[in-house]
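Let me begin by presenting the structure, written as structure tokens, before commenting on it.
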Amino acid sequence: MKKLMLGNEAVAQGLYEAGVRLVSSYPGTPSTEITENAVKYGEDVIWCEWAPNEKVAMETAIGASIAGGRAFCAQKHVGLNVAADPLFTVAYTGVNAGLVIAVADDPGMFSSQNEQDSRHYARAAKVLMLEPSDSTECKEFTKLAFDLSEQFDTPVFLRLTTRIAHSSSSVEVGEREEVPVKEYVKNNQKYAMLPANAIRRHVVVEDRQVAEAEWAETAWVNKTEYNDTKIGVIAAGITYQYAKEALGDKASYLKLGCVNPLPLNLIKEFASKVDTLYVLEQLDPVLEEQVRAMGIDCIGKEAFDLKGEYSQSMIAKVILGEEKESIALDIDIPGRPPALCPGCPHRGLFSALKQLNVFVSGDIGCYTLGALPPLGMIDTCVCMGASVSALHGRNKVRPEEAKKSVAVIGDSTFVHSGITGLVNAAYNQSNSKVIVLDNSITGMTGHQQNPTTGKRINGDPTTAIDLEALAHAVGIERVIVVDPYDIAATRDAIAAELEVEAPSLIIARRPCVLLKEVRAKMPKPFEVAIDKCVGCKACMKIGCPAISFADRKSSIDFTQCTGCGMCQPLCKFDAIKGGN
Amino acid sequence: MTRSILIVGVGGQGTLLASRLLGRTLLAKDYDVKISEVHGMSQRGGSVVTYVRYGDNVASPIVEKGEADIILSFEELEAARWLPYLKKGGKIVVNTQKMDPMPVIIGAAEYPKDVLKQVEAAGVEVQAVDALRMALEAGSPKAVNVALLGVVAQNTDIEKDVWEETIRTTVPEKFIDLNLKAFGLGYNA
């Protein structure tokens, strides 16, 4: 049966068909839907879980693989940084049952804080990496990755990019191959990496790379396609599709399905048959540098770009000199950047912080949007968990400003890597005021459960972290809870806490308004009583997308208003009505 | 021959469902189909775009400037923003809804006046419909996406019952009637 599937959905189908037993991941755009779709096969078929972070997820998958069950973990590119520690050593231990690690890069940064190229990890950790170019290949390469993992006794990378992960194309759906759990035989020379053993395993890793490269020379995933040989293109993944779209049969192609290690002889042979060789790859010149190192001349980054995405028009323009005509209006079109949703509890928290005019050490999540106007309340944002640890560093250098500084971190991000920062703040004695924006869900990636929500990935009830007790256990004595919908009370409570000479955990607790069960209980949309509105724009200060201003009056768009009522107390003229 | 449709709007308006219904209908007609979506941060109230491409053999899933046969816009300003993506001789289907973006809300920019008139003045065929009214008539403001899909359907040669079958097999059971009604209103607009 043919189905239209997202690349991520097709990877999940590949996991199912490959007889995978365990999937453990932390959500991260654009990788999230792999694990979300794997859940649908049922946990007696594939045990799926959201781990607290990518390191835990990868280690869980490693444990399952060594125990003899095919295992998998998925993460976005920056998530792989978190899991880099186990990665480099599991490359030494190898596997028992197949172990596949998916990493989804985000060229163009649709939903990321940097644009790193994960292919460097494959080279650095000496791990075989496959890169599919559509949904069918997402499924087939996933299955192949498990076979290769067992054949070469190695973890195998599956590299995706946003346009593969979040594009749909048709996939032929197949049956599951039941792969029994393999025998576990104690072999600590292979699996216990102390120096004496690791020295021997490093030899194995180097030999394995040679064997893999030999396989790559004739592997079906590396394909040549000869058309006009004036132009030759080496490409992988989505870039291959862009090249095909732009050049069609005006070029010949070497499409790489395996991007590490490279089939050097195949590349040499292809290069010898074409007049001008282009290496097309988004982000870093990973392929190009290896091609050049063989003494092969090619055109790569000097004609293209290290930044952002490639596309068919970019390739057509550079290689063929062709451009398409387009129409544009001669008017200024205001931008439409993303914004906190109407009814978002983070809006209340940031409004309170704005009134207090504090420094805000930020983190990764929906609330990072609090950096944008009109709230503009995030000063820094580096990576998951950095809000808490970086605030501690700041407070040690500027102790006099500790009373005007806070950290903000979401519930899921706090569990991911904020807890260790809180431990540090208590242990190394700073007056850090850490605000956990507890909206009872992992929001930005599209509503995933996490260890604070009391629900597992499939919605089953489970234990929930008691944030108050956790803070006490690590040595934070002061813990308060506020409701961010009550902006004034939230402001006053935080102001009082800032005066205290001790670290505090402030929990701003109010579930995400997009949660179905929350939405169902919200009041009807609010309205502006036109006769009472004096046009003072006080209600506009919170930057709610549902409130607009025209003809000297505010108005509330009923299609967007969630009935949160945060705007109502801002109006001194009692012009905002509703709440029923 | 590959045809390209751009579905644009404001995050939260339900553009993804429209593109998935469109994609499934095209697949049912045995086209090779590719759809490219945007998830994550850009979805939060920002300008969003989904690309739908279909034909005998589609390579790239994205649509670029000067390539779209049809642009389906859920909002007026977004129609103007994405206009450069329209092919010469292409058509814009637009919902006559206006949503202020944040720069307008905070007074840093103005929502341009008579946007659609300007698009038409550029020599572009525009089919403007009040999909919000249709959606409300069908029973929910959320059905704007399916009402607009009905308008797009009317611009293709795919039979009405193929579209309706996709709706029946895609949306949750309790919303089927509402969506079929919204689709019908769009189809007959």
Could you please let me know if A:GLU36 is within 14 Å of chain B (Cβ to nearest Cβ), touching a helix residue (DSSP H, G or I) at 6+ places or on another chain (Cβ under 9 Å) and either aliphatic (A, V, I, L, M) or in a helix (DSSP H, G or I) (or both)? yes
Pick out, from the stretch A:121-197, the strands (runs of 3 or more DSSP E) lying fully within it that include 1 or more residues that are at pLDDT 95 or above and aromatic (Phe, Trp, Tyr). A:156-161
Determine whether the stretch B:164-171 contains at least one residue that is of a type in the set (A, V, I, L, M) and within 11 Å of chain A (Cβ to nearest Cβ). no
Is there a residue being surrounded by fewer than 24 Cβ atoms within 10 Å (Cβ to Cβ) and at positive phi anywhere in the stretch A:20-37? no
All but one of (1) closer than 30 Å to A:GLY376 by Cβ; (2) within 14 Å of chain B (Cβ to nearest Cβ) hold for A:TYR242, so report the exception by its number. (1)
Consider B:LEU16 carefully, then state whether it is at the interface with chain A (Cβ under 7 Å from one of its Cβ atoms), surrounded by fewer than 23 Cβ atoms within 10 Å (Cβ to Cβ) and within 23 Å of B:THR169 (Cβ to Cβ). no
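State which residue is surrounded by the fewest Cβ atoms within 10 Å (Cβ to Cβ) when the search covers only the stretch A:360-381 and only residues that are of a type in the set (S, T, N, Q) and over 17 Å from A:PRO484 (Cα atoms).
Step by step, filter the stretch A:360-381, then rank; the result is A:THR380.
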Can you work out which of the residues in the stretch B:87-100 that are facing another protein chain (nearest Cβ under 10 Å) and touching a residue at least 60 places away in the same chain (Cβ under 8 Å) is farthest from A:ALA371 (Cα to Cα)? B:LYS87
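Table: residues versus (1) within 14 Å of chain B (Cβ to nearest Cβ); (2) in contact with a helix residue (DSSP H, G or I) (Cβ under 9 Å, 6 or more places away or on another chain); (3) crowded, with 16+ Cβ neighbours inside 10 Å.
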{"position": "A:ALA303", "(1), (2), (3)": "no, yes, no"}
{"position": "A:LYS317", "(1), (2), (3)": "yes, yes, no"}
{"position": "A:SER326", "(1), (2), (3)": "yes, yes, yes"}
{"position": "A:ASP332", "(1), (2), (3)": "yes, no, no"}
{"position": "A:VAL358", "(1), (2), (3)": "no, yes, yes"}
{"position": "A:CYS383", "(1), (2), (3)": "no, yes, yes"}
{"position": "A:VAL388", "(1), (2), (3)": "no, yes, yes"}
Test: B:ALA121 is without any contact (Cβ under 8 Å) to a residue 24 or more places away in the chain, more than 27 Å from B:VAL171 (Cα to Cα) and either more than 7 Å from every other protein chain (Cβ to nearest Cβ) or buried (at least 22 other Cβ atoms within 10 Å of the Cβ) (or both): yes
Meets criteria (of a type in the set (Asp, Glu), under 26 Å from the mean Cα position of the chain (by Cα) and surrounded by fewer than 21 Cβ atoms within 10 Å (Cβ to Cβ)) for A:ASP284: yes
Does the stretch A:136-157 contain any residue that is touching a His at 6+ places or on another chain (Cβ under 8 Å) and in contact (Cβ under 8 Å) with a residue 24 or more places away in the chain? no
Of all residues in the stretch A:21-46, which are among the hydroxyl-bearing types (Ser, Thr, Tyr) and under 21 Å from A:ILE164 (Cβ atoms)? A:SER25, A:TYR26, A:THR29, A:SER31, A:THR32, A:THR35
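Out of the residues in the stretch B:37-86 meeting the condition of being of a type in the set (Lys, Arg) and out of contact with any helix residue (DSSP H, G or I) (no Cβ under 7 Å at 6 or more places or on another chain), tell me which one is nearest to the other protein chains (Cβ to nearest Cβ).
B:ARG81
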Working only within the stretch A:461-492, note down all residues that are assigned to a loop (DSSP other than H, G, I, E, B) and buried (at least 18 other Cβ atoms within 10 Å of the Cβ). A:ILE476, A:PRO484, A:TYR485
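The rows are residues; the columns are (1) within 15 Å of the chain's Cα centre (by Cα); (2) farther than 17 Å from B:ALA147 by Cα; (3) buried (at least 23 other Cβ atoms within 10 Å of the Cβ); (4) not β-branched (Val, Ile, Thr).
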| site | (1), (2), (3), (4) |
| --- | --- |
| B:GLU37 | yes, yes, yes, yes |
| B:GLY45 | no, yes, yes, yes |
| B:LEU83 | yes, yes, yes, yes |
| B:LYS88 | no, yes, no, yes |
| B:VAL94 | yes, no, yes, no |
| B:MET99 | no, yes, yes, yes |
Extreme residue, farthest from A:ALA575 (Cα to Cα), among residues of the stretch A:510-564 that are of a type in the set (D, E, K, R), in contact with a Pro (Cβ under 9 Å, 6 or more places away or on another chain) and part of a loop (DSSP other than H, G, I, E, B): A:ARG510
Could you tell me how many of the residues in the stretch B:151-188 are part of a loop (DSSP other than H, G, I, E, B) and within 15 Å of the chain's Cα centre (by Cα)? 2
Check the stretch A:506-516 and report whether any residue there is surrounded by fewer than 14 Cβ atoms within 10 Å (Cβ to Cβ), out of contact with any Lys or Arg (no Cβ under 6 Å at 6 or more places or on another chain), closer than 18 Å to A:PRO345 by Cα and modelled with pLDDT under 95. yes
What number of residues in the stretch A:279-330 are of a type in the set (Phe, Trp, Tyr) and closer than 19 Å to B:VAL63 by Cα? 1
Given the criteria modelled with pLDDT of 95 or more, of a type in the set (Gly, Ala, Ser) and in a helix (DSSP H, G or I), does A:ALA74 qualify? no
Single match in A:CYS561, A:CYS544 (criterion: at pLDDT 95 or above, buried (at least 21 other Cβ atoms within 10 Å of the Cβ), among the hydrophobic types (A, V, I, L, M, F, W, C) and under 19 Å from A:ASP483 (Cβ atoms)): A:CYS544
(1) more than 7 Å from chain A (Cβ to nearest Cβ); (2) of a type in the set (Asp, Glu); (3) in contact with a strand residue (DSSP E or B) (Cβ under 9 Å, 6 or more places away or on another chain) all hold for B:ASP114 apart from (3)
Among residues belonging to the stretch B:103-118 that are touching a residue at least 24 places away in the same chain (Cβ under 8 Å) and not aromatic (Phe, Trp, Tyr), point out the one that is surrounded by the most Cβ atoms within 10 Å (Cβ to Cβ). B:VAL115
Residue under question is B:THR25, and the condition is that it be among the β-branched types (Val, Ile, Thr), surrounded by fewer than 22 Cβ atoms within 10 Å (Cβ to Cβ) and more than 7 Å from chain A (Cβ to nearest Cβ); does it hold? no
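The values are calculated or read from the model by the stated rules, or taken from the named source; none is laboratory data. Source: prediction; values computed, not measured. Virtual Cβ from ideal backbone geometry, glycine too; neighbours counted across all protein chains shown.
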